[in-house]
1. In the stretch 134-154, how many residues are assigned to a loop (DSSP other than H, G, I, E, B) and either within 19 Å of residue 18 (Cβ to Cβ) or in contact with a helix residue (DSSP H, G or I) (Cβ under 7 Å, 6 or more places away or on another chain) (or both)?
2. Name the one entry in 10, 18 that is assigned to a helix (DSSP H, G or I) and either in the same structural domain as residue 140 (by TED's automatic domain parsing) or touching a residue at least 12 places away in the same chain (Cβ under 8 Å) (or both).
């Protein structure tokens, strides 16, 4: 409970649209029996989030490490950070089951309904509202998702739906 109270302030920052506590709860709901480390990695994985920054995951790890200094929990801090760092490059195969579980749960939005995908896209575009070339940047990311999952996947189909939605706006 202490950790949840601590992370809530990060997920409530005004620049966030998608990367909120709702996202964390959704990710946690997709982890039926998370290990202790996976649970904490999920709570802290987006505590630091600035759209377009290359070091969000590293800074989220630092937030977790700093929080741990004042909380005596028997947990493998390095393992938690390795799990958080897995979200930096989700387009790979993970041999570690906790890393794979977090990335799959984090990317599960691409399995959503069209209504959920539109809501997601609107939330992400809010976060990136300062980016001048948002459409190009976003479509490039969605194409990476498509290439990773392949043309016969629900993720491919849903990313194409989002791309069509972006282009129509």
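The values are calculated or read from the model by the stated rules, or taken from the named source; none is laboratory data. Keep in mind the model is a prediction, meaning the values are calculated, not measured. A quick note on method: Cβ atoms are made from the backbone with ideal geometry, for glycine too, and the neighbour counts reach across all protein chains shown.
1. Residues that pass the stated criteria total 1.
2. Just one listed residue meets the conditions, 10.
A quick yes/no check of all residues on (1) buried (at least 16 other Cβ atoms within 10 Å of the Cβ); (2) within 20 Å of the chain's Cα centre (by Cα):
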site	(1), (2)
76	no, no
121	yes, yes
135	no, yes
141	no, yes
147	no, yes
151	no, no
158	yes, yes
